[in-house]
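Before any comments, here is the structure.
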Amino acid sequence: MSRVCQVSGKRANNGYKISHSHTKTKKKQHVNLQYKKIWSFQSNSWIKIKISTKVIKSLHKIKL
């Protein structure tokens, strides 16, 4: 399964790791994903989703 947040759609970001001598090597900055069980008001049951920690902080605003 891919590393994508199921709510916000966030995915990995490309960047560079820069050494002291300023040599650039490519790296990936992955999203901090967690499996979270949340209560869904629409289906009136618990659902288990892969969600980023940034979205977990704002779950009350989203009102899944």
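Here are some notes:
- The strands (runs of 3 or more DSSP E) falling completely within the chain that include 2 or more residues that are in contact with a strand residue (DSSP E or B) (Cβ under 7 Å, 6 or more places away or on another chain) and among the β-branched types (Val, Ile, Thr) map to 45-52.
- When Thr23 is tested against (1) among the polar types (S, T, N, Q); (2) open to solvent by less than 70 Å² (accessible area, probe 1.4 Å); (3) more than 11 Å from the chain's Cα centre (by Cα), exactly one condition is not met: (2).
- Close Cβ contacts (under 6 Å, 6 or more residues apart or on different chains) running from residues in region 37-64 that are in contact (Cβ under 8 Å) with a residue 40 or more places away in the chain and under 25 Å from Ala12 (Cα atoms) to residues that are part of a strand (DSSP E or B) and open to solvent by 100 Å² or more (accessible area, probe 1.4 Å) comprise Lys50/Tyr35.
- Only one entry of Lys36, Lys17, Lys10, Lys50 meets the criterion of being open to solvent by less than 100 Å² (accessible area, probe 1.4 Å) and in contact with a Ser or Thr (Cβ under 8 Å, 6 or more places away or on another chain), and that entry is Lys10.
- Region 9-30 residues that are without any contact (Cβ under 8 Å) to a residue 60 or more places away in the chain, paired with ones that are part of a loop (DSSP other than H, G, I, E, B) and surrounded by fewer than 10 Cβ atoms within 10 Å (Cβ to Cβ) (beta carbon under 8 Å, 6 or more apart): Arg11/Ser2; Thr25/Ser19
The values are calculated or read from the model by the stated rules, or taken from the named source; none is laboratory data. Remember, it's a predicted structure, so these values are computed and weren't measured experimentally. Backbone-built Cβ (ideal geometry, glycine too); neighbour counts: all protein chains shown. Side chains are part of the model used for accessible areas, which takes the heavy atoms of the whole protein and leaves out ligands, DNA and RNA. Shrake-Rupley method; radii C 1.70, N 1.55, O 1.52, S 1.80 Å.
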